Amino acid sequence: MTLPNPAELLPRMASDLQAHLKARNIDEPRYIGIRTGGVWVAQALLEQLGEKGPMGTLDVSFYRDDFTQSGLHPQVRPSDLPFEIEGQHLVLIDDVLMSGRTVRAALNELFDYGRPASVTLVCLLDLNARELPVRPDVVGATLSLGATERVKLLGPAPLALERQDLASPA
């Protein structure tokens, strides 16, 4: 299976997001990327949309439910939300949706800042490997991988996808 090219997915994602927001009468969404790959996708998506406003970033490391198992990632950085969360329509952007646990952690963190009016989830890839009932509102592509396969986003520019096999020796 050939992995899609992110540059080819982004224009349709931008169009789908505009339609999604318009259907819900959302005029001034606040965009938030989940560090690290989601931030890269958010930047590229905002460029496609011609959006110039501030973009927030979330580092969900402390909110992950596997924090005690995997420990702290060595590059944890603070989240940066340059706008209010309370009552806002948020567009939460991630690179790869797999189990849904990163999105759950992001929602937990966001609600610590306030209660948003709505959250729209945008993902470059959906890997159909959910452990939680989380589905993107806008998705670039949906893939099904083998049990030991993963996809990693490389970037920030140009964005590219890399297949990884956890069963292969490094």
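At a glance:
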item	result
Residue match in the stretch 104-114 (condition: open to solvent by less than 40 Å² (accessible area, probe 1.4 Å) and acidic (D, E))	yes
Residues of the stretch 100-142 classified as touching a His at 6+ places or on another chain (Cβ under 8 Å), part of a loop (DSSP other than H, G, I, E, B) and under 20 Å from A19 (Cα atoms), total	2
Positions within the stretch 143-160 being surrounded by 15 or more Cβ atoms within 10 Å (Cβ to Cβ), over 17 Å from the mean Cα position of the chain (by Cα) and in a loop (DSSP other than H, G, I, E, B), in sequence order	L145
Of residues in the stretch 19-40 being more than 14 Å from L124 (Cβ to Cβ) and under 9 Å from the mean Cα position of the chain (by Cα), the one most open to solvent (accessible area, probe 1.4 Å)	R35
Test result for G87, small (G, A, S) and in a strand (DSSP E or B)	no
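The values are calculated or read from the model by the stated rules, or taken from the named source; none is laboratory data. Quick caveat: nothing in here was measured; it's all calculated off a predicted structure. Because the Cβ atoms are built from the backbone with ideal geometry, glycine has one as well, and the counts that use them run over all protein chains shown. In case anyone asks, the SASA skips ligands and DNA or RNA and just uses the protein heavy atoms, side chains included. Shrake-Rupley method; radii C 1.70, N 1.55, O 1.52, S 1.80 Å.
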